[in-house]
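Encoded as structure tokens, the structure appears first; notes follow it.
Just so it is clear, none of the values below were taken in a lab; they were calculated from the coordinates. As the structure is a computational prediction, the values presented were derived from the model and not from experiment. When we count neighbours, we look across all protein chains shown, and the Cβ atoms used for this are built from the backbone with ideal geometry, even at glycine.
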Amino acid sequence: MNNLGLITFSNHTKYMDRVLLEKIFDRYYTVENGKKRAGLGLAIAKQLVELNGGTIKASYHKNLFKIFISFK
């Protein structure tokens, strides 16, 4: 992978499964549904990254949720 830039964000979380991880960039989807959040942040981030020729991905392993943003 030949990237011009790579940004990684990480956060500890107690629970996330594959279904939640796949929906994390969907508009209006929130993991914490009981807190009445709009769920637009990661959907907007994905659009902005892709409009600028980058990619954004998420992973979860051993209670650590990570978001990777890369630009070529």
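By other beta-carbon atoms within 10 Å, ranking L4, L48 with the fewest at the front produces L4, L48.
Counting other Cβ atoms within 10 Å as a rough exposure proxy, the listed residues Y28, Y60 run Y28, Y60 from fewest neighbours to most. Cβ crowding within 10 Å, taken as a proxy for footprinting-reagent exposure, orders K57, K72, K62 from fewest neighbours to most as K62, K72, K57.
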